[in-house]
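Below is one structure; the comments refer to it alone.
The values are calculated or read from the model by the stated rules, or taken from the named source; none is laboratory data. Keep in mind the model is a prediction, meaning the values are calculated, not measured. Backbone-built Cβ (ideal geometry, glycine too); neighbour counts: all protein chains shown. Ligands, DNA and RNA are excluded from the accessible area calculation, which covers all protein heavy atoms including side chains. Shrake-Rupley method; radii C 1.70, N 1.55, O 1.52, S 1.80 Å.
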Amino acid sequence: MTAAHQAYLLQARQMQALSFSVHIPLVCFGIAFPAMVLFCEWLHLRTGDELYRTLARRWTKIMAALFAVGVITGTILSFEMGLLWPQFTSTFGSVFGLGFAIEGFSFFMEAIFIGIYVYGWDRLSPRAHFLSGIPIAIAGLTGSLMVIAVNAWMNHPTGFKLVGGHVTDVHPLTALFDNSFLWPELTHMYIAGYIVCGFLVAGAYAIGRLRGKWGRYERTALAIPLTIAALASPVQVLVGDWAARDVATQQPIKLAALEGLAKTTKGAPEHLLGWYENEKVKYGIEIPKLLSFLAFHNPNATVTGLDTVPKDRQPPINVVRIAFQTMVGIGTLLALLGVWLLAVRVRQKRLPESVWFYRAVALAGPASLVALIAGWVTTEVGRQPWVVYGVMRTSDAVTGAGAIPVGYATLVAVYAALAVAVVWILRRLASRPLDVADEPPPILESHGAG
């Protein structure tokens with residue numbers, strides 16, 4: 001590969017990373033937000049309380065707006081797959097193509113039923129309207145399932161044979177679903193969807209609480225997503241341990257990079273924080289044998305080090321180390337915040353009253369986004385230099401086109417304009433007056449909104 005193409009490799013990776021960072025938070029809302037909206041509508045059907053219907057209708061507008069933005073960013077990502085990585089798609093398209101085809105069907109089903117749901121509030125019976133929202137939630141799950149299945153396959157390629165540079169004996173179902181990476185990655189992402197969506201939505205109402213806007217509507221609108229995020233956050237810690245142990249088995253070099261383990265070690269220590277330099281972690285806090293215990297549940301287990309592969313087959317160590325520790329650190333804090341909320345709700349049957357709690361909730365939304373992106377940096381950058389792990393290098397998949405800088409600049413401009421549009425739309429929706437009384441009925445306490 002020429003030096004010019006190597007420059008395009010870096011720019012192509014940056015473009016893909018930018019698009020992914022913009023799109024993946026919208027995927028979280030596609031996974032979790034329809035279920036939250038439907039839960040509010042179900043509460044209205046069960047109790048007859050108009051507040052829940054008002055909340056569901058207002059959140060429906062946000063759901064539709066974010067879906068429209070996701071269509072734009074998802075389309076850009078689809079084009080980037082073919083334009084930036086033509087060798088990857090031409091070589092392995094027959095393996096993962098089924099996954100993207102199902103994702104496309106899921107997208108169209110979601111779009112159709114979002115249209116029915118949005119325009120059916122006053123046109124369908126309450127029960128029929130509620131039922132029309134269920135396919136939206138299902139399509140959000142199946143669409144993301146297919147994309148995650150393809151990503152899991154890229155991390156653990158199966159279901160094909162490579163003969164003379166050509167893919168043969170393709171088994172798409174095996175490639176997509178008979179894959180040890182799929183289920184921990186899928187579970188990790190789905191729970192992350194509820195954490196990110198829950199904390200971001202709750203954070204908006206927590207800011208209102210800090211500004212003195214704290215009526216019955218705001219309490220209910222905060223309690224529902226915050227409780228969901230609080231329940232999901234501690235569970236994510238356990239799922240993360242499951243995913244990390246799979247990495248230890250299937251991608252030992254990624255684990256070595258995450259932990260800065262230069263040499264294969266029996267009873268390997270864990271280093272918290274620190275900077276990897278000259279084959280050691282500097283300024284970190286060393287905990288003896290913890291890495292072996294976390295990776296294999298055995299404090300004396302042998303952990304593969306970076307010394308087992310040449311340097312050109314190692315990922316950028318400090319990038320993935322910092323990303324991984326950022327994800328773990330924020331995830332731990334979010335889990336503690338969730339435990340705080342649940343402890344107060346269980347013991348005192350109410351929301352916490354401390355102003356510090358609501359400050360923490362307001363920060364938890366942006367923090368969960370940082371953890372989400374850091375987690376995907378860990379997954380994708382930790383796989384480098386492979387686009388298909390152990391089979392095709394990223395440098396062999398990149399385009400040789402010469403207009404990458406122009407496309408990069410255009411992409412940045414598009415996303416900047418899109419960000420301005422999203423902020424404007426959300427502010428407009430938030431400023432609309434409520435059409436429900438702000439007086440708590442007797443049943444409110446039983447739903448934990450007060």
Given the condition under 30 Å from residue 401 (Cα atoms), open to solvent by 20 Å² or more (accessible area, probe 1.4 Å) and at pLDDT 90 or above, answer yes or no: does some residue in the range 43-63 qualify? no
Condition first: more than 16 Å from residue 358 (Cβ to Cβ) and buried (at least 18 other Cβ atoms within 10 Å of the Cβ). Now tell me which residues in the range 325-342 satisfy that. 325, 326, 327, 328, 330, 331, 335
Enumerate the pairs (first residue in the range 101-116 and modelled with pLDDT under 90; second residue anywhere and open to solvent by 50 Å² or more (accessible area, probe 1.4 Å) and in a helix (DSSP H, G or I)) with beta-carbon separation below 8 Å, excluding pairs fewer than 6 apart on the same chain, so at least 6 apart or on different chains. 103/147
Determine, yes or no, whether residue 388 is over 20 Å from residue 187 (Cα atoms), at pLDDT below 90 and β-branched (Val, Ile, Thr). no
Filter pass, residue 207 being buried (at least 19 other Cβ atoms within 10 Å of the Cβ) and either out of contact with any Lys or Arg (no Cβ under 8 Å at 6 or more places or on another chain) or closer than 30 Å to residue 360 by Cβ (or both): no
In the range 191-204, the residues that are open to solvent by 20 Å² or more (accessible area, probe 1.4 Å) and either of a type in the set (Lys, Arg) or farther than 24 Å from residue 102 by Cβ (or both): 200, 204
What are the residues in the range 155-190 that are at positive phi, surrounded by fewer than 16 Cβ atoms within 10 Å (Cβ to Cβ) and small (Gly, Ala, Ser), if any? 164, 165
What about residue 260, is it within 30 Å of residue 434 (Cβ to Cβ), in contact (Cβ under 8 Å) with a residue 60 or more places away in the chain and either open to solvent by less than 20 Å² (accessible area, probe 1.4 Å) or among the charged types (D, E, K, R) (or both)? no
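Hey, among 105, 29, 79, 100, which residue is within 23 Å of residue 146 (Cβ to Cβ), open to solvent by less than 50 Å² (accessible area, probe 1.4 Å), of a type outside the set (A, V, I, L, M) and assigned to a helix (DSSP H, G or I)?
Of 105, 29, 79, 100, the one residue that is within 23 Å of residue 146 (Cβ to Cβ), open to solvent by less than 50 Å² (accessible area, probe 1.4 Å), of a type outside the set (A, V, I, L, M) and assigned to a helix (DSSP H, G or I) is 29.
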Is it true that residue 170 is part of a helix (DSSP H, G or I), within 21 Å of residue 90 (Cβ to Cβ) and either free of Cβ contacts under 8 Å to residues at least 60 places away in the same chain or more than 17 Å from the chain's Cα centre (by Cα) (or both)? no
Quick one: how many residues across the range 149-207 are farther than 19 Å from residue 242 by Cβ and among the small types (Gly, Ala, Ser)? 9
Taking the range 285-312, which residues are open to solvent by less than 30 Å² (accessible area, probe 1.4 Å) and either assigned to a loop (DSSP other than H, G, I, E, B) or of a type in the set (Gly, Ala, Ser) (or both)? 292, 295, 301, 305
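For the range 10-22, state whether one or more residues are within 22 Å of residue 111 (Cα to Cα), in a helix (DSSP H, G or I) and without any contact (Cβ under 8 Å) to a residue 60 or more places away in the chain. Outline the logic, then answer.
Restricting attention to the range 10-22, the residues satisfying the condition of being within 22 Å of residue 111 (Cα to Cα) are 19-20, 22.
Of the ones still in play, those that are also in a helix (DSSP H, G or I) are 19-20, 22.
After this cut, where a residue has to be without any contact (Cβ under 8 Å) to a residue 60 or more places away in the chain as well, the list is none.
No, the range 10-22 contains no residue that is within 22 Å of residue 111 (Cα to Cα), in a helix (DSSP H, G or I) and without any contact (Cβ under 8 Å) to a residue 60 or more places away in the chain.
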The range 215-238 - residue that is open to solvent by less than 10 Å² (accessible area, probe 1.4 Å) and hydrophobic (A, V, I, L, M, F, W, C) and, of those, nearest to residue 40 (Cα to Cα): 221
